[in-house]
Amino acid sequence: MQTVESLVDLRNTVHTWKQAGQSVALVPTMGNLHEGHLRLVDFAHTRADRVMVSIFVNPLQFGQGEDFDRYPRTGEEDARQLVSRQADLLYLPTVDVMYPRDAGQMTRVSVPGLSGRYCGQSRPGHFDGVATVVCKLLNQAQPDIAVFGEKDYQQLMIIQRLVADLDIPVKIAGVPTVREADGLAMSSRNGYLDQAEREQAPALYQTLQQLASDCSNEPPNFRALEKEGANLLEQAGFRTDYVAICRKQDLEPATDRDHDLVILCAAYLGKTRLIDNINVTVDQHA
Ligand code: PAF
């Protein structure tokens with residue numbers, strides 16, 4: 001696996017591949033790779049001849065008081081894992097490569113509407129940071145396809161929207177969430193949980209499963225179910241940030257006319273904020 005830090009080196013390698021007629025996939029990450037990320041790499045291999053992975057802990061997407069400084073940086077282990085999954089290239093831009101201009105002068109990308117709700121409401125500016133860095137990574141690497149995890153479903157929708165709105169010639173693919181044996185969605189932030197919190201954590205997905213099954217109740221009352229979900233989480237020791245039953249295609253609050261839904265949630269265990277989601281298809285309502 002080749003490792004590059006500069007934009008010139010990245011572009012040269014991608015150019016060589018494309019000259020040889022090879023298709024290229026990008027898997028953007030912030031490192032501290034786990035099986036969820038590695039499945040993105042596996043998936044990318046099924047869709048492109050060459051797979052590159054970027055690792056960049058993006059300061060722009062962390063708010064004040066969030067975990068930017070303590071976000072786990074495990075470069076050597078990450079590189080070993082990527083070699084074991086046959087990644088072709090690891091792109092490790094520095095902050096200076098990514099953001100050469102002062103914060104106040106920098107061009108930013110913003111996806112209004114979608115970015116302001118759910119996680120965006122609790123983390124103001126977060127999705128502008130994500131949209132900006134993803135837009136830059138796509139322009140830097142110019143992949144044919146870019147692959148993201150569905151655990152960050154709202155992020156995936158925002159990225160799809162920005163690519164459509166800015167006419168970026170790339171296909172965006174989502175890969176289903178990978179879970180621990182007890183159902184907890186894999187996440188770099190799971191490493192922050194102490195033993196007691198780790199034992200409580202599966203209740204997040206269990207709550208989503210319960211709500212998903214309750215969505216078929218007649219008549220459906222999604223707003224009441226959201227409240228019920230928040231209560232279930234509190235009973236399981238979480239501090240609920242939000243539970244939202246949404247239309248899958250645009251994340252608008254679901255109504256009883258909608259059938260393809262996704263339930264999004266975020267909740268704290270101690271200081272650790274976990275997110276998860278579940279897809280729900282409800283039958284035609286009576
Ligand atoms: O999902 C992530 O790890 C990050 O938000 C991403 C997409 C790599 C942008 O920094």
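Miscellaneous remarks
- Taken over the range 19-70, residues that are β-branched (Val, Ile, Thr), without any contact (Cβ under 8 Å) to a residue 40 or more places away in the chain and over 29 Å from Gly125 (Cβ atoms) amount to 2.
- Within the range 21-35, the residues that satisfy the criterion of being in a loop (DSSP other than H, G, I, E, B) and touching an Asp or Glu at 6+ places or on another chain (Cβ under 9 Å) are Gly21, Gln22, Ser23, Gly31, Asn32, Leu33.
- On inspection, Gln195 passes the criterion of being surrounded by fewer than 13 Cβ atoms within 10 Å (Cβ to Cβ), at pLDDT 95 or above and not acidic (Asp, Glu).
- Filtered by the rule that a residue be open to solvent by less than 20 Å² (accessible area, probe 1.4 Å) and within 23 Å of Thr272 (Cα to Cα), the range 204-227 gives Leu204, Thr207, Leu208, Leu211.
- Among the residues of the range 254-286, those that are farther than 23 Å from Glu197 by Cα, open to solvent by 50 Å² or more (accessible area, probe 1.4 Å) and part of a strand (DSSP E or B) comprise Asp260, Asn279, Thr281.
- Pair list, Cβ under 7 Å, 6 or more apart: the range 161-173 residue at pLDDT 95 or above, other residue surrounded by fewer than 18 Cβ atoms within 10 Å (Cβ to Cβ) and part of a helix (DSSP H, G or I): Ile172/Gln160; Ala173/Arg47
- The set of residues in the range 190-249 being in a helix (DSSP H, G or I) and touching a Gly at 6+ places or on another chain (Cβ under 6 Å) consists of Glu197, Gln200, Tyr205, Thr207, Leu211.
- Scanning the range 238-253 for residues that are crowded, with 16+ Cβ neighbours inside 10 Å and closer than 21 Å to Gln200 by Cβ returns Phe238, Thr240, Asp241, Tyr242, Val243.
- From the list Val41, Val57, the one residue that fits, being at negative phi, touching a Gly at 6+ places or on another chain (Cβ under 7 Å) and not in a strand (DSSP E or B), is Val57.
- Val14 vs. criteria β-branched (Val, Ile, Thr), open to solvent by 70 Å² or more (accessible area, probe 1.4 Å) and outside any strand (DSSP E or B): no
The values are calculated or read from the model by the stated rules, or taken from the named source; none is laboratory data. Here the structure is a predicted model, which means the values were calculated and not measured. Every residue, glycine among them, receives a Cβ derived from its backbone with ideal geometry; neighbour counts consider all protein chains shown. Surface areas here come from the heavy atoms of the whole protein model, side chains and all, with no ligands, DNA or RNA. Shrake-Rupley method; radii C 1.70, N 1.55, O 1.52, S 1.80 Å.
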